[in-house]
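Taking it in order: structure first as structure tokens, then the write-up.
The values are calculated or read from the model by the stated rules, or taken from the named source; none is laboratory data. Bear in mind that the values here come from a model prediction, so they are computed numbers and not experimental data. Don't worry about glycine lacking a Cβ; one is built from the backbone with ideal geometry, like all the others, and counts go over all protein chains shown.
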Amino acid sequence: MRELEQSFIQFDEVSFWYNHDEPWALKELSLTIKKNEFVAVIGHNGSGKSTIAKLMNGLLFPQKGEIFVDGLRLSEETVWDIRKKVGMVFQNPDNQFVGTTVEDDVAFGLENHGIPRKEMIERIEQSLKAVGMLDYRKHEPHRLSGGQKQRVAIAGVLAVAPDLIILDEATAMLDPKGRTEIMKTVQRIRKEKKVSILMITHDLHEVTFADRVIVMNRGQKLIEGTPKEVFQQHETLWEIGLDIPFVAKIAAELKQRGIPLNKQPLNNKELLEELWRLHSNM
Amino acid sequence: MNNLIIGQYVPGESMVHQLDPRTKITVIFFYVIVIFFANSFFSYFILAAFAFISAMLTRIPAGYIIRGLKPVWLLIVFTFLLHLFVTKEGDVLFRIFSFYVYSGALIQGFAISLRFFLLILMTSLLTLTTTPIAITDAIEDMLGPLKKVRFPVHELALMMSISLRFIPTLMQETEKISKAQASRGVDFRTGPIKDRIKAIVPLLVPLFVSAFKRAEELAMAMEARGYKGGEGRTKFRELQLSSRDYALFISFVFVLLLFWWARA
């Protein structure tokens, strides 16, 4: 039980299948997410990563094993409380926009949880400000870009004040500009609001911002560790068809050619520093 | 595409725009009933005056309103002609081929067409000055008492507001699909009617498939955001009656009294 107190989410040997005749989507998976931690889950399609997200806020229930959210065991009775604690942003920006305007959409979650109107107005303003969409509050969804719609979706989740925000491939359908918008927004709200983030993605570049990375393959955890630790196992990643970021690739190639880097670089700046250091050593 | 307006709503700040949608619906509801009791020149005059004054107060250009009535002109003219030839009251005025036109018929024709015209004018004033979502809210509020007999009022209103929200999205999608199919050689614009109707099939099938997919994902997203039906739900958009609404109610009652007095 001591572990329960520290961790916000705990999976105990969770197994899940969608259909009897299909293989396990998740197989005896155990994992924890701590408060205010940024965890990324990667894996390609069918690795079970989206299933993890849906289990966390009770959109699905496991066939085996138990899930605890903030000390509550996931069940039919606790699911509504859990959905208040765990917010979720989905992949398609259009198909999660319920309201006819931006502020109506942010209000939707608050209305569901029976928040009084006065408080609602305050919370809507705050959360729209947090994602930088306050100027668009009266806009209809079809006048927004994909990235803006996803920011509104994040605001809608934020307004309910959850402890964990799950981004289920929330950047997959966006252009590069939209992606940076979302990544910046996520990092900012994480600093300001003290929430945990679970980012599900197959873009290894986005993973570099996380505290911890979990690599999923065929419903099981393959690798777990900091981004640096994970990128060092590039051969395993290649084997399951995941392409590591360009910077990590260069580091790996350099190593192969006998040019050792002291530490694993995560971005262009770190790589440049490493290269300068090598240069001055020569 | 950016300033697409759903329905006929014309944005504005006029008195009529700012009325509570419930007030507008109620007044129009009674207006539509009362108009069938008009039976004298003066009673028609009062109702017509009320309609024209309302139309002027919307500050919507007359051209806009008339254009909105275009599809019903034909129906009004048809009603007029029908009454003209069928009614056989009063003196014979003149004769077209084997039809006799009576004086009573002329009056009847004018009266019924005017009735029809006023009816459509008033109802279109509602849609011209009220956003669809405000109408939805008003309907939800006014049907409220039906909740007691388990009528799904909230669900109905939510369904309406979600359809309103998805109309532009699906229109954009239709455009995209039609371009994609046109690039594969589907011809929507030329050829005999039969072929053109057939060309719609490859447009509709993908549209329906994607609409169902959207519905499924939307339901999932709504559930994830804690949606569990109308019970215990609060509302963000609030309807509030103001002094403007009471003023309209009082003047409308006055109009009704005047109307009753003017009836033959």
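Listed by position, the helices (runs of 4 or more DSSP H) enclosed by region A:138-235 that each have at least 3 residues that are within 14 Å of chain B (Cβ to nearest Cβ) and not hydroxyl-bearing (Ser, Thr, Tyr) are A:146-159.
Can you tell me which residues in region A:242-277 are within 15 Å of residue A:205 (Cβ to Cβ), surrounded by fewer than 17 Cβ atoms within 10 Å (Cβ to Cβ) and polar (S, T, N, Q)? Within region A:242-277, A:267, A:268 meet the criteria.
Out of A:57, A:95, A:19, one residue alone is closer than 30 Å to residue A:175 by Cα and either modelled with pLDDT under 90 or not assigned by TED's automatic domain parsing to the domain that holds residue A:191 (or both). It is A:57. Return a yes/no flag: does region B:225-232 have any residue that is more than 30 Å from residue A:161 (Cα to Cα) and not small (Gly, Ala, Ser). The answer is no, given that none of the residues of region B:225-232 is more than 30 Å from residue A:161 (Cα to Cα) and not small (Gly, Ala, Ser). Considering each residue of region B:248-257 in turn, none proves to be outside any helix (DSSP H, G or I), more than 14 Å from every other protein chain (Cβ to nearest Cβ), at pLDDT below 95 and under 30 Å from the mean Cα position of the chain (by Cα). Annotation: of all residues in region B:131-177 being among the small types (Gly, Ala, Ser) and either free of Cβ contacts under 8 Å to residues at least 12 places away in the same chain or over 24 Å from residue B:12 (Cα atoms) (or both), the one that is farthest from the other protein chains (Cβ to nearest Cβ) is B:144. Looking across region B:208-237, the residues that are more than 23 Å from residue A:60 (Cα to Cα) and facing chain A (nearest Cβ under 8 Å) come down to B:232, B:233, B:234, B:235, B:236, B:237.
Of note, residue A:104 satisfies the criterion of being closer than 20 Å to residue B:215 by Cβ and assigned to a helix (DSSP H, G or I).
Restricted to helices (runs of 4 or more DSSP H) entirely inside region A:1-92, those with at least 2 residues that are touching a helix residue (DSSP H, G or I) at 6+ places or on another chain (Cβ under 9 Å) and within 14 Å of chain B (Cβ to nearest Cβ) are A:49-56, A:79-85. When residue B:245 is tested against (1) assigned to a helix (DSSP H, G or I); (2) among the charged types (D, E, K, R); (3) under 27 Å from residue B:171 (Cα atoms); (4) at pLDDT 85 or above, only condition (3) is not met. Any chance region B:178-190 includes a residue that's farther than 30 Å from residue B:241 by Cα, within 14 Å of another protein chain (Cβ to nearest Cβ), surrounded by 16 or more Cβ atoms within 10 Å (Cβ to Cβ) and in contact with a helix residue (DSSP H, G or I) (Cβ under 6 Å, 6 or more places away or on another chain)? No: zero hits.
Looking only at region A:160-181, which residues are touching a Leu at 6+ places or on another chain (Cβ under 7 Å) and among the β-branched types (Val, Ile, Thr)? Hits for region A:160-181 are A:160, A:166.
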